[in-house]
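What follows is a set of notes on a single structure, which appears directly below.
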Amino acid sequence: MTETAPPPSWQGSVILDIGNDVGALVLHTSSQWLNHEIDLAPDDSSLPHTHSAVRERRSPDGSTYAAVYAQLHQGEYRVVGSTQRVRIVGGRVTDVALDEPYLPPHHHH
């Protein structure tokens with residue numbers, strides 16, 4: 001039997017599983033946020049907190065940096081550690097820029 005390698009994945013491809021009351025968020029940041037995780041807290045306390053790490057996305061226009069949250073229930077969310085709020089709409093990708101200056105998270109040892 002020959003081993004078949006899985007086909008390569010496209011660079012930066014993200015599968016968004018959205019629809020009905022589930023939407024997605026692309027949170028654009030500055031390059032200083034690269035690899036940091038950003039938490040989202042839903043106003044609806046029955047929903048889980050979610051987080052995503054900022055990744056570099058290369059395009060012909062240059063690099064952008066964003067954290068992608070692929071499955072969020074629609075509603076209002078707060079960006080943890082900031083005053084910023086986002087509204088998620090089911091079946092849609094919300095594209096927003098993080099309006100907070102870079103504040104490195106405090107690490108507890």
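The values are calculated or read from the model by the stated rules, or taken from the named source; none is laboratory data. These numbers come from a predicted model, not from an experiment. Quick reminder, even Gly has a Cβ in these numbers, built from the backbone with ideal geometry, and neighbours come from all protein chains shown. Protein only, heavy atoms only, side chains kept; ligands, DNA and RNA dropped before computing areas. Shrake-Rupley method; radii C 1.70, N 1.55, O 1.52, S 1.80 Å.
For GLU76, only one of the following conditions fails: (1) out of contact with any helix residue (DSSP H, G or I) (no Cβ under 7 Å at 6 or more places or on another chain); (2) within 12 Å of LEU98 (Cα to Cα). What is its number?
Among (1) out of contact with any helix residue (DSSP H, G or I) (no Cβ under 7 Å at 6 or more places or on another chain); (2) within 12 Å of LEU98 (Cα to Cα), GLU76 violates only (2).
For the stretch 68-89, which residues satisfy the criterion of being of a type in the set (Lys, Arg) and surrounded by 15 or more Cβ atoms within 10 Å (Cβ to Cβ)?
Step one: list which residues in the stretch 68-89 are of a type in the set (Lys, Arg), which gives 78, 85, 87.
Residue satisfying the conditions is ARG78 alone.
Residue by residue, here is whether (1) open to solvent by 70 Å² or more (accessible area, probe 1.4 Å); (2) touching a residue at least 24 places away in the same chain (Cβ under 8 Å); (3) β-branched (Val, Ile, Thr) holds:
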{"residue": "GLY23", "(1), (2), (3)": "no, yes, no"}
{"residue": "SER31", "(1), (2), (3)": "no, yes, no"}
{"residue": "ASN35", "(1), (2), (3)": "yes, no, no"}
{"residue": "ALA41", "(1), (2), (3)": "no, yes, no"}
{"residue": "ASP44", "(1), (2), (3)": "yes, yes, no"}
{"residue": "ALA66", "(1), (2), (3)": "no, yes, no"}
{"residue": "GLY91", "(1), (2), (3)": "no, yes, no"}
{"residue": "ASP99", "(1), (2), (3)": "yes, no, no"}
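Residue by residue through the stretch 34-87, note down the ones that are over 24 Å from VAL22 (Cβ atoms), among the hydroxyl-bearing types (Ser, Thr, Tyr) and in a loop (DSSP other than H, G, I, E, B).
THR83
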